[in-house]
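Below is one structure, written out as C-alpha cells, with a few remarks after it.
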C-alpha cells in the first residue's frame, strides 16, 4: 500500500468479499491469481490460504509468505516463471521435491515452478532474483548453476512495477528517506529517483499523497538543493528562495498541496537542524513536537492527503 494505489477493507462475515483468507495446517500456502478471485463466487471457499503458520513461526517467515501470496492476489506471477528467466531446470530433482515436500503430482510441480509464462501474456522486466515473487531455488534444482535466495522484502523492481499497475491518478505518494551517507532526510514523489540512486532501501515511510497537477486551493511545492550543506528544502512559499541563490539550487516543483487545512487533509510539520544541515518534515507532531534532538520547529509546511 506504500507503493501503489491500494486499499484493503476488512468486511463482516455476512458481507460478500472478493478475497477470503483461510489459515490451516495443510502445509499448503497459495492464492488465486489477480482477477481470478472474482470468479470464485462461493463465499465459503478461500481465495488465499496460509497452511503452515503457528506460534513458532518467525516474523520474517510471516513477511515472506504473506507478501508473496498477496502479490498473487494483485496479479503478480512467479518471478522464476517470467519469460526473461534463463533457468535450465534439473527436472527430476524439482519433481521429487514437489512430491516429497508438497504432495504435488508432476503436472502441479511443472505448473508452479517450471512452466514459463508467454511473452504476450505478461508484463515483465529483466529477471529479478531479489523479487518477493520468486521461490528460493538451490543450485541443485538447475543444470546451469542458477540459484535464488529466499527473499523476505519487496525488491526495488517489485515496488516500481506494482506502482505502474495500480497508479494514483492525479495524486502521488510523497516518500521520506534518510540518506545516511549525506546525513539528511530526502523527500520525493518519484520512487524511481530513489531507485536510480540506490536509495530505495533508505525509505522510512510514505507520508501521504500530494497532487500531480494543480487543483483548486493548492499551491506548488518548490524543491531546492544545497550542494554545500548537503540538504534539500521544500516550501510552498516561492518567495523564500525564489529561483535560488549561491547556496541553494532550484530543482522544480514536486507536486501540489494545500497551504490551509482542508477536510480530509493532514498537516506536514517542518523542522530544521543547523548541523549537519537537515530540513525535516513529518506528519506526526509527536516525532519532534516543538523541537528536540537539535531540530527547531518552523511551523506547518503544507497540508496533504493521507
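Using 0.36 nm times the number of residues separating residue 168 and residue 261, minus their current alpha carbon distance, what extension gain do you get?
Working: separation 93, 0.36 × 93 = 33.48 nm, distance 2.17 nm.
Extra length from residue 168 to residue 261 when fully extended: 31.3 nm.
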Report summary line: Mean separation of Cα contacts under 8 Å (at least 6 apart) over the residue count of the range 50-185, i.e. the relative contact order in percent, is 25 percent
**Report entry** For the range 90-198, the Rg and Dmax computed from alpha carbons only, in angstrom
**Finding:** 18.7, 54
Report task. Return the calculated 222 nm mean residue ellipticity for the chain, to the nearest 500 deg cm²/dmol, obtained by summing -39500 (n - 2.57) across DSSP H runs with n ≥ 4 and dividing by the residue count. Result -> -4000 deg cm²/dmol
Query raised in the report: Taking the highest mean first, how do the peptides 13-23, 77-87 order by number of other beta carbon atoms within 10 angstrom per residue?
Result: 77-87, 13-23
Report summary line: the chain: relative contact order from alpha carbon pairs under 8 Å, six or more residues apart, as a whole percent, is 12 percent
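For the chain, report the convex hull volume of the alpha-carbon atoms normalised per residue, in Å³, without decimals. Display every interim value, and only then the final one.
Numbers: hull volume 58.9 nm³, N = 306.
It comes to 192 Å³ per residue, whole-number rounded.
Rounded to the nearest whole Å³, what is the per residue volume of the convex hull around the Cα atoms of the range 32-87?
Values: hull volume 6.2 nm³, N = 56.
Considering the Cα atoms of the range 32-87, their hull volume per residue is 111 Å³.
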Report summary line: Label model pair residue 106, residue 206: point-to-point distance (7 angstrom along the Cα→beta-carbon line) in nm is 4.4 nm
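Between Rg and the Kirkwood Rh of the range 169-304, both from Cα atoms, what is the Rg to Rh ratio?
0.93
How big is the C-alpha Rg of the range 249-302 next to the rule-of-thumb value 2.2 N^0.38 Å, as a ratio?
On the way: Rg = 12.5 Å, N = 54, 2.2 N^0.38 = 10.0 Å.
For the range 249-302, the normalised Cα radius of gyration comes out at 1.24.
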Requested in this report: For an R0 of 30 angstrom, estimate the FRET efficiency from the Cβ-Cβ distance between residue 92 and residue 67 and round to the nearest 0.05.
Outcome: 0.45
**Report entry** Nitroxide proxy distance, nm - points 7 Å out along Cα→Cβ at residue 160 and residue 21
**Finding:** 2.9 nm
Report summary line: The distance between the Cα centres of the range 228-266 and the range 115-190, in whole Å, is 30 Å
Query raised in the report: To the nearest 10 degrees, how steep is helix 156-165 against the longest Cα principal axis of the chain, on a 0 to 90 scale?
Result: 90 degrees
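Gain in length, residue 275 to residue 44, computed as 0.36 nm per residue apart minus the alpha-carbon separation, to one decimal in nm?
Working: separation 231, 0.36 × 231 = 83.16 nm, distance 5.97 nm.
Additional length available on full extension: 77.2 nm.
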Requested in this report: Evaluate the distance, in nm, between pseudo-label points positioned 7 Å from the Cα of residue 240 and of residue 119 along their respective Cα→Cβ axes.
Outcome: 5.0 nm
Query raised in the report: Can you tell me the Rg and the Dmax, both Å, for the Cα atoms in the range 1-159?
Result: 16.3, 52
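FYI, it's all coordinate maths here, none of it is from the lab. This structure is a prediction, so every number in the text was calculated from the model and none was measured. Don't worry about glycine lacking a Cβ; one is built from the backbone with ideal geometry, like all the others, and counts go over all protein chains shown.
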